[in-house]
Amino acid sequence: MLKIYLYPLLVILAASSYGVVSTIIKLAIGSGFTASEAVTSQFFVGFCIAVVIFLLTNRTKLTFKGVKLYIVAGVLTGLTNILYGLCLNYLPASLAVVLLFQFTWIGIVISCITKRQLPSKMECLSLIILVAGTIPAAGLVNVDLSKIPFQGWLWGLAAALSYSLFLFVNGKATSNMKTTNRLVIVAFFAFMMSAVFQSPEIIWNGTLFNDGLWVYGLALGLFGLIIPVFLFSIAVPKVGLGMTSILSAFELPIAVMVSVILLSETVTSLQIAGIGIIILGMSLPILLNKNSLVRKENMLQQQVTSHDW
């Protein structure tokens, strides 16, 4: 019974960790740093933390069996952040979050294609509820979207696709590699992506250490790389891509709540209602799965009792 809740809970915690990232980046921007510098610090400090974790917990050499999978995961991690940053150049943060949130149904589509089967009724119902709650939760009711540049929509949906593919790759984890090995490889290639396309000069020009960017880099590295990658590596293979996409919807409510607490942003009653709808939509699969497993256990017990009789 514990496993019914354990792995879904790990997915929710990983998604919640990602929900903190946008607020931390806004705090870094408020301190005079650019979004590009903040993202680069995220992956550099995150990689350093991953190396320390690997050295402290591993008594064996770094293995590279199945490493191609985690190279792709690292590239997709960095790519998602780069595409999302480009999206924010054209769109308000609220709309950018909604576009990134499209990974919920994109993940379901990828899962259906790879498994060659249609989504379950439960998945369809959850998605409908999630989409219904997303718009009010992000504060987009009665907002004029006619003047939004096409590039913003494109980069936002590309970020959602990249994030969905990242979750898919994590679901293909190999049992031959320890989680700490996976973490350090993913972190390294995510940093390489940010080093190529973002602001690697912060490492040697004093911005990271002398100007205090490392404080934000530490928070971003933990919440935007170490915690989610570590937890997703454990939970996604157990939960599956479709369920992971639904449960990861908790990222949006967390993003809204953290922005209210740390940035003193206002939240309307309509947004609160939208958050409640999202939580309902992502809770349904867990509750229905629990009831299904309980029924199976009861049937097995009845069969055993009947056989003994």
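Each reported figure results from applying straightforward, stated rules to the coordinates on display, with no laboratory input. This structure is a prediction, so every number in the text was calculated from the model and none was measured. In this analysis, Cβ positions are derived from the backbone assuming ideal geometry, glycine residues included, and neighbour counts consider all displayed protein chains.
Roughly speaking, what is the stretch gain from K121 to L280, that is 0.36 nm per residue apart minus the C-alpha to C-alpha distance, in nm to one decimal?
55.7 nm
For the range 101-126 and the range 3-42, what is the separation of their C-alpha centers, rounded to whole Å?
That distance is 25 Å.
Which order do peptides 227-235, 128-136 fall in by mean Cβ count within 10 Å, highest first?
227-235, 128-136
With respect to the cross-link table entries K26/K238; K26/K178; K26/K172; K115/K238; K68/K238, which display a Cα-Cα separation exceeding 25 Å? Mind dumping the intermediate values first?
Working: K26/K238 34 Å; K26/K178 34 Å; K26/K172 33 Å; K115/K238 15 Å; K68/K238 21 Å.
The pairs that break the limit, which is 25 Å between Cα atoms, are K26/K238; K26/K178; K26/K172.
I'd like to compare 13-21, 35-43, 49-57: which one has the highest average count of other Cβ atoms within 10 Å, and what's the full order after that? Mind dumping the intermediate values first?
Values: 13-21: 22.6, 35-43: 25.8, 49-57: 14.9.
Top to bottom by mean Cβ count within 10 Å: 35-43, 13-21, 49-57.
Under 5 Å between amide H atoms, partner at least 5 residues away or on a different chain: which partners does S199 have, H built in plane at 1.01 Å?
T40
Would you give the gap between the C-alpha center of the range 216-245 and the C-alpha center of the range 67-87, rounded to a whole Å?
13
Which ³J(HN,Hα) values, rounded to whole Hz and listed in residue order, are derived for the range 163-170 from phi using the Karplus coefficients 6.51, -1.76 and 1.60 in 6.51 cos²θ - 1.76 cosθ + 1.60 with θ = phi - 60°, glycine and proline given as x?
Result, rounded to whole Hz: 5, 4, 5, 4, 5, 5, 4, 4.
Excluding L208 itself, calculate the net charge of residues whose Cβ lies under 10 Å from the Cβ of L208, where each Lys or Arg counts +1 and each Asp or Glu counts -1. Please report the intermediate quantities before stating the final value.
On the way: positive: none; negative: E37, E201, D211.
Counting the neighbours of L208, the net charge comes to -3.
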